[in-house]
2 protein chains.
Amino acid sequence: MAEKFASERNLKFLLYEVHDLEALAQIPYYREHNREIFDLVLDTAFKMGRDLLFPSFGEMDKQPPEFAGGVCHVHPSVRAFMEEYGEGGWIGAIASEELGGQGLPLTLMNAVRFVLTAANYSLSVYPLLTTGAAHLIEAFGGQEMIDAYIPNMFSGKWQGTMALTEPQAGSSLSDIVTTAEPTDAGYYKLKGQKIFISAGDHDGVDNVVHLMLAKIKGAPAGVRGISLFVVPKLRPTADGGLEPNDVVLAGIYHKLGYRGCPITQLSIGENNDCRAWLVGEPHLGLRYMFQMMNEARLDVGMSAAGIASAAYYASLEYAKERPQGRKLSSKDPAQPQVPIVEHADIKRLLLFQRSMFEGALSLILKCAVYADREKLGGEEGEKCALLLDLLTPVAKTYPSEMGVLSTSAGLQILGGYGYCDEFPLEQYFRDCRIHPIHEGTTGIQGLDLLGRKVTIQNGKAYQFFLAEVEASVEAAKKVAGLEDLTAKMDEALGLVRRVTDGLLSVALSGDVERFLADATLYLEFFGYVAIGWQWLEQAMAAQSALDNGAQGAEAAFYRGKLVTARYFFGYELAKTEGLAKRLAEADGLTAKAGLEDFTD
Amino acid sequence: MAEKFASERNLKFLLYEVHDLEALAQIPYYREHNREIFDLVLDTAFKMGRDLLFPSFGEMDKQPPEFAGGVCHVHPSVRAFMEEYGEGGWIGAIASEELGGQGLPLTLMNAVRFVLTAANYSLSVYPLLTTGAAHLIEAFGGQEMIDAYIPNMFSGKWQGTMALTEPQAGSSLSDIVTTAEPTDAGYYKLKGQKIFISAGDHDGVDNVVHLMLAKIKGAPAGVRGISLFVVPKLRPTADGGLEPNDVVLAGIYHKLGYRGCPITQLSIGENNDCRAWLVGEPHLGLRYMFQMMNEARLDVGMSAAGIASAAYYASLEYAKERPQGRKLSSKDPAQPQVPIVEHADIKRLLLFQRSMFEGALSLILKCAVYADREKLGGEEGEKCALLLDLLTPVAKTYPSEMGVLSTSAGLQILGGYGYCDEFPLEQYFRDCRIHPIHEGTTGIQGLDLLGRKVTIQNGKAYQFFLAEVEASVEAAKKVAGLEDLTAKMDEALGLVRRVTDGLLSVALSGDVERFLADATLYLEFFGYVAIGWQWLEQAMAAQSALDNGAQGAEAAFYRGKLVTARYFFGYELAKTEGLAKRLAEADGLTAKAGLEDFTD
């Protein structure tokens, strides 16, 4: 099995040469940090990936969690990893130092995230969920709640979750019916069902802390009646102990992939003894949750990019070693076979994989830079917040959707072996397929981008985005040798304007169904442009390094970047043409199709 | 679980209203047949699908074949199905009556194939392989061989296989090393290894008959030294019994999907006692095998279409029943949720699924019509043979590649449930993923189409194809209401000419690597056009039926056809734009990329 799951050289290229991670240390909040610390963090992440995560990647898939006697038993590496990761201070790494965190930039920690998911996606999820849940408590929970939960969450002893979905309320969260009844004791009593809760209960930790959505009795209908609660599996007692809190594990799902992590079904308050503590104000729960959700969406994108990275290196290794066939220009059967990496079509598949996950990784790091730079406040902070908002559905969806195709391309390179479980490709393919579903399906992301983000503040975020890409194009025009790329990006920007203007004119007509009918296609279209932008940035950095005299393996690395950028512009960005053609039609074909059109 | 896996109404629409199956009865070879017989065959196929195949669809996946004590144990439904299918005369249905067959048109039997694969792909494969292997013996084996094998193969007692692949020779068959040593007794002695042999050994039959490629000692290198042999697992003895033939099952593969059928590894002649009988002439084996292979490639396409059909009906049923969210134009949370089939994006996914498999089904039936009409001989026969040759890689690949995306779309409709194995979508998704790999990978098909078929006889097949599509467009122009479709098809044909001419000029320059670098993309491009053509044909038939006064459910069926055709032209055919743009570049980017471009 391939031993390489991610490239440290590439990650440092993106962080330092493309996204200027060091400049973040100039933000007051991060002034304690410097490149030495960043490098140490990255080196340790790769070491953890190699030693703690990757070794159990296949085994956790073949020995999935088991639900027996009311308990969900997980692979022993879960407890080992949670403990070591917690002790190392990684779960709270982005939290401020006064909260017991390390105040590290999100950009850096997103890079760490990439490494861990590439090494073992299922295992990487456990502490990640805890980080997200803890972040909600830190932001909105108040000191008492912080003291009660954060230390055990940061240490990896307690699992955090986000508990939103119910049997009747998945994409439509306004329809949750879990109810919260106030008591005089300060807590609420909860009753309901939650499903599809990742790591919602397991024996790899001592307790589970759910950040759960529910409706306080008498609350308004819809999303404006949703509140956020902390619901521990075991609740703290007055004497400092823990007692059961009437949150019962009802079952786990058997899934296509992502099998190392249990997705659970929970019964809450069956015995009317589930205590829950309100986070922040009543009825603002969905707004709070969206903080976690937006982080989670970037994490999903990063996870897909990470899995696709591991799949790429596994298929690259195979392609270099597997002899099969001969060059088309010299097919003499008396000559030995060549490694398949010499065939153009295999190189095409490899370049697709690479362009996909390196482009996605770059876009998500860019989003993280925006998140970090929000801390600057003022106009710049507001601009970064808007750009992050706009790009979040893109950074979630492009990697998620393309990750399925990218791992599938990797599987294809191995031919029949790719379809067999003695090679890891089929697992990467299965694992990756969750991403277009969880944390908001692709359809939901499309509606978010076109229906909400593009039009936000009268198109302000969208205009900022165009300005960012144009600035990149202008900068790239000053670098000799990138003319083919800048010309293509100019064309793509033209398409974006034309398509978006066309759709906005439909919106103005008031026909919201027709306006949003192809929102998913618009998201796909937008994704190619955003990733193209990131490849243009990478191409600039690579060309500059070559112009500055890079030699040997370094020069090869940069030339490989340029080949991959050209692959993306030639093969992937070109797909905007057909999408633009369809989006320009805006005839509402799917909106108008009726149930009777699906007769037989 | 959904009970519907295929639409009888649609199949009859395609057979009778689009492809005029009845006209085949005018071919002398088929003159015994008529619509009554055809309908009976189809009805029985659906009945078998429902009663014999569909019930074990999920179970065969969860209880895959087991290799124990040298034996591969398969699900009991294998023996039951092989017996009933054999007794019913289905295995030999296309064979002539003098061979014990029924002389039924291939077009009809391809339709049957569609039904069976939709019901249970893994189970449907067993007799199909026998039909293909038997066909080789019938065509090239001579009377003695026919008498020795065909009756037991047609009755379903013996399994047939095609045994080509070896550890060092998958896509590159010229590199097989299994050797055949002539003996004075009329048979050869074989020695070698075969891998990835579907149904290569199992306990659902009494014997296995391999149609195996090997090289006679001293044969020329490469494909011109390959011969075809019959190699039974148990060989006939002089007294009419059977004895072991030194073909040993070495193992089975554990696979992503297609789990109901064992893919085997065989050791041949380990004890120097494997007897093999030459089929036809020495050194012509690959040519013979390609008869079976071409049939198998259409079967693969049909299997992908069948699986995608079953996935479509399962997701359609879910979409009709699952309430979630509200119309974008009326989001009042006090109103009840609507079934998700009312959301435009769900309808888009459903229309994609439907346009994919109904389009593919139509193209493969068209190919089968060409195969049946070859029997006319003369100029028409030759034309049909050329069109079949040209379209085989397309009819194999479009369904195979798009089947993965189509089942994935079905999975997506179910959201989190789609990812869980309590619903069948994840199995359809896994099962379908084999098709771009077996019987020639997509990369191989691309080289076949562009490198061989388009240029065959100076472009004769390709010109016939253009003429066929143009004839459809001209006919469609006479039907009022299809102007949008004919305009788009005219445009697409213009792209085909431009792109193909451009690539052929590269071929003339002698740079074969650059000419074929994007052959896979060309195949994809060609696929959209070929399927668009089939949707135009369907649209014509549907519009005519409406113009002729179809009412009620029939009218709804035809209107649904038109909506699906318009979906295909709007969303899928539009993808030719980006592909044409890339193909026109023909810069050989992937051919030129070197190993050093994949540094880190």
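What distance in nm separates the two pseudo spin-label positions at A:Asp43 and A:Ala23, each 7 Å out from Cα along the beta-carbon direction?
Calculated label separation equals 2.7 nm.
Considering only protein heavy atoms and a probe of 1.4 Å, how much of the accessible area of segment A:370-473 is carbon and sulfur, as a whole percent? Walk me through the numbers before you get to the answer.
Values: 1410 of 2870 Å².
Exposed carbon and sulfur together represent 49 percent of the surface.
Of A:Arg322, A:Arg113, B:Arg498, which has the most accessible area and how do the rest follow, probe 1.4 Å? Don't skip to the answer; put the middle values down first.
Numbers: A:Arg322 45, A:Arg113 15, B:Arg498 165 Å².
The ordering from most to least exposed comes out as B:Arg498, A:Arg322, A:Arg113.
Inter-copy label distances at B:Asp587, 7 Å along the Cα→beta-carbon direction, one decimal in nm, shortest first?
Between copies, matching label points for B:Asp587 lie 3.5 nm apart.
Please give the total accessible area that chains B and A bury against each other, computed with a 1.4 Å probe and expressed in Å² to the nearest 100. If you can, show how the numbers build up before the last one.
On the way: alone 24400 and 24360 Å², together 40180 Å².
Buried area between the two chains comes out at roughly 8600 Å².
At 1.4 Å probe size, with the rest of the protein present, what percent of the exposed accessible area of segment A:1-157 is carbon and sulfur atoms?
Working: 3120 of 6140 Å².
With neighbouring chains kept in place, the figure for segment A:1-157 is 51 percent.
Summarise the partner chain shielding of B:553-566 as one whole number: the mean count of Cβ atoms from other chains within 10 Å of each residue's Cβ.
On the way: counts 3, 2, 2, 7, 5, 1, 5, 8, 3, 1, 8, 3, 0, 3.
Across the residues of B:553-566, the mean count of other-chain Cβ atoms within 10 Å is 4.
Helix-only mean residue ellipticity at 222 nm, chain B, DSSP H runs n ≥ 4 weighted -39,500 (n - 2.57), per residue, nearest 500. What is it? Please list the in-between numbers first.
Details: 20 runs with 316 residues, N = 600.
Result for chain B: -17500 deg cm²/dmol, rounded to the nearest 500.
May I ask for the Kirkwood hydrodynamic radius of the protein assembly as shown, worked out over all distinct Cα pairs and given in angstroms to one decimal?
Working: mean 1/r = 0.0319 Å⁻¹.
Its Kirkwood hydrodynamic radius stands at 31.4 Å.
Using DSSP, restrict attention to beta bridges with both residues in the protein assembly as shown and report what percent are antiparallel, rounded to the nearest 5. Before the final figure, lay out the partial values.
Values: 68 of 84 bridges.
Bridges in the protein assembly as shown that DSSP calls antiparallel: roughly 80 percent.
Do any trypsin sites (Lys or Arg not before Pro) in segment A:1-80 lie in a DSSP loop with no more than 15 other beta carbon atoms within 10 Å, and if so, which? Intermediate values should be presented prior to the final figure.
Working: sites: A:Lys4, A:Arg9, A:Lys12, A:Arg31, A:Arg35, A:Lys47, A:Arg50, A:Lys62, A:Arg79; in loops: A:Lys4, A:Arg31.
Within segment A:1-80, the qualifying trypsin sites (Lys or Arg not before Pro) (loop, at most 15 other Cβ atoms within 10 Å) are A:Arg31.
Quick one: grab the alpha carbon gyration tensor of segment A:506-577, order the square roots of its eigenvalues as a ≥ b ≥ c, and give me rounded if a/c is under 1.5, else prolate or oblate depending on whether a/b is larger than b/c.
Working: a/c = 5.59, a/b = 3.64, b/c = 1.53.
Cα axes put segment A:506-577 in the prolate bin.
Any idea what the A:Glu422 label distances to the other copies are, label 7 Å down the Cα→Cβ vector, nm, shortest first?
Result, one decimal in nm: 3.6.
Only counting protein heavy atoms at a 1.4 Å probe, give the residues of segment A:147-190, ordered by number, whose accessible area falls by 10 Å² or more when the other protein chains are present relative to the chain alone.
A:Pro167, A:Gln168, A:Gly170, A:Ser171, A:Ser172, A:Ser174, A:Asp175
State the Cα centre-to-centre distance between segment A:147-197 and segment B:1-29 in whole Å.
Measuring centre to centre over Cα atoms gives 54 Å.
Summing Lys, Arg as +1 and Asp, Glu as -1, what charge do residues with Cβ under 15 Å from the Cβ of B:Gly440 carry, B:Gly440 excluded? Can you show the working numbers first?
On the way: positive: B:Arg297, B:Lys396, B:Arg452, B:Lys453; negative: A:Asp345, B:Glu295, B:Asp299, B:Asp389, B:Glu401, B:Glu439, B:Asp448.
Around B:Gly440, the charge tally is -3.
Normalised by the residues of chain B, what does the relative contact order come to in percent, with Cα pairs under 8 Å and at least six apart? Write out the running numbers ahead of the final one.
Numbers: 1076 pairs, mean separation 77.2, N = 600.
RCO, chain B: 13 percent.
How much area per residue is accessible in chain A when the probe is 1.4 Å and only protein heavy atoms are counted (Å²)? Can you show the working numbers first?
On the way: 20070 Å² over 600 residues.
The answer is 33 Å² per residue.
Restricting to Cα pairs below 8 Å that are 6+ residues apart, what does the relative contact order work out to for segment A:485-574? Please round to a whole percent. Intermediate values should be presented prior to the final figure.
Values: 45 pairs, mean separation 30.8, N = 90.
That works out to 34 percent.
For segment A:20-33, in order, what is each residue's ³J(HN,Hα) by Karplus, 6.51 cos²θ - 1.76 cosθ + 1.60 with θ = phi - 60°, in whole Hz (x at glycine and Pro)?
Karplus-based 3J(HN,Hα) across segment A:20-33 equals 6, 3, 4, 5, 5, 5, 7, 6, x, 4, 9, 5, 6, 9 Hz.
Sorted from shortest, what are the nm distances separating the label point of B:Ala23 from equivalent points in the other copies, each placed 7 Å from Cα along Cα to C-beta?
Nearest to farthest, the other copies are at 6.7 nm.
Kirkwood hydrodynamic radius of segment A:49-182 from all distinct Cα pairs, in Å? Let's see the in-between values first.
Numbers: mean 1/r = 0.0610 Å⁻¹.
In segment A:49-182 this quantity evaluates to 16.4 Å.
Determine ³J(HN,Hα), in whole Hz, for all residues of segment B:253-263 in sequence, where each value follows from phi through the Karplus function 6.51 cos²θ - 1.76 cosθ + 1.60 and θ = phi - 60°; x replaces Gly and Pro.
Going residue by residue, I get 9, 9, 10, 4, x, 6, 7, x, 10, x, 9 Hz, with x marking Gly and Pro.
Determine the shielding of peptide A:404-417 by partner chains: average, over its residues, the number of Cβ atoms on other chains within 10 angstrom of each Cβ.
Mean partner shielding for this stretch: 4.
With the full set of protein chains in place, find how many percent of the accessible area of segment B:195-339 is carbon and sulfur; take the probe as 1.4 Å.
Values: 2480 of 4960 Å².
Here carbon and sulfur together make up 50 percent of the probe-accessible area.
Less than 14 Å Cβ to Cβ from A:Glu554, Lys/Arg counted +1 and Asp/Glu -1: what total charge do the surrounding residues give?
Numbers: positive: A:Arg9, A:Lys12, A:Arg559, A:Lys561; negative: A:Glu8, A:Glu17, A:Asp547, B:Glu596, B:Asp597, B:Asp600.
After counting each charged neighbour, the total is -2.
What is the packing order of peptides B:524-536, B:337-349, taking the mean over residues of other C-beta atoms within 10 Å and listing the highest first? Walk me through the numbers before you get to the answer.
On the way: B:524-536: 24.9, B:337-349: 22.2.
Peptide ranking by packing, descending: B:524-536, B:337-349.
Just check segment B:200-255 against the gyration tensor rule for me: Cα atoms, a ≥ b ≥ c as the square roots of the eigenvalues, rounded for a/c under 1.5, and otherwise prolate or oblate depending on whether a/b exceeds b/c.
Details: a/c = 2.96, a/b = 1.36, b/c = 2.17.
It comes out oblate by the Cα gyration axes.
Between segment B:217-263 and segment B:514-571, what is the C-alpha centre distance in whole Å?
42 Å
Each residue of segment A:207-214 in turn: what ³J(HN,Hα) in whole Hz from Karplus with 6.51, -1.76, 1.60 and θ = phi - 60°, glycine and Pro shown as x?
7, 10, 10, 8, 9, 10, 8, 8
Determine the shape class of segment A:246-321: with a ≥ b ≥ c the square roots of the Cα gyration tensor eigenvalues, call it rounded for a/c under 1.5, and otherwise prolate if a/b is greater than b/c, oblate otherwise. Walk me through the intermediate numbers first.
Numbers: a/c = 5.88, a/b = 1.87, b/c = 3.14.
Cα axes put segment A:246-321 in the oblate bin.
State which helices in chain B qualify, where a helix is a whole DSSP H run, it must extend 24 Å or more along its own axis by its Cα atoms, and its mean Kyte-Doolittle hydropathy must be at least -0.5.
Numbers: long enough: B:121-140 (29 Å, 0.89); B:285-321 (53 Å, 0.06); B:344-373 (42 Å, 0.49); B:378-413 (50 Å, 0.27); B:456-477 (31 Å, 0.00); B:483-508 (37 Å, 0.36); B:519-547 (41 Å, 0.50).
Span-like helices, by this rule, are B:121-140, B:285-321, B:344-373, B:378-413, B:456-477, B:483-508, B:519-547.
From the P(r) of chain B, could you give the percentage of C-alpha pairs in the tail past 49 Å? All intermediate terms of the calculation are to be shown ahead of the outcome.
Numbers: 18869 of 179700 pairs.
So the portion of pairs separated by more than 49 Å is 11 percent.
Evaluate the distance, in nm, between pseudo-label points positioned 7 Å from the Cα of A:Asn272 and of B:Leu595 along their respective Cα→Cβ axes.
It works out to 7.4 nm between the two label points.
At a 1.4 Å probe, which residues in segment B:500-523 are at least 50 Å² less accessible with all protein chains present than in their chain isolated?
Flagged in segment B:500-523: B:Glu513.
The values are calculated or read from the model by the stated rules, or taken from the named source; none is laboratory data. Being a predicted model, the structure only gives us computed values, none of them experimental. All Cβ positions, even for glycine, are placed from backbone atoms using ideal geometry, and neighbour counts span all protein chains on display. To get the accessible areas, we keep the full protein, side chains included, count just its heavy atoms, and leave off ligands, DNA and RNA. Shrake-Rupley method; radii C 1.70, N 1.55, O 1.52, S 1.80 Å.
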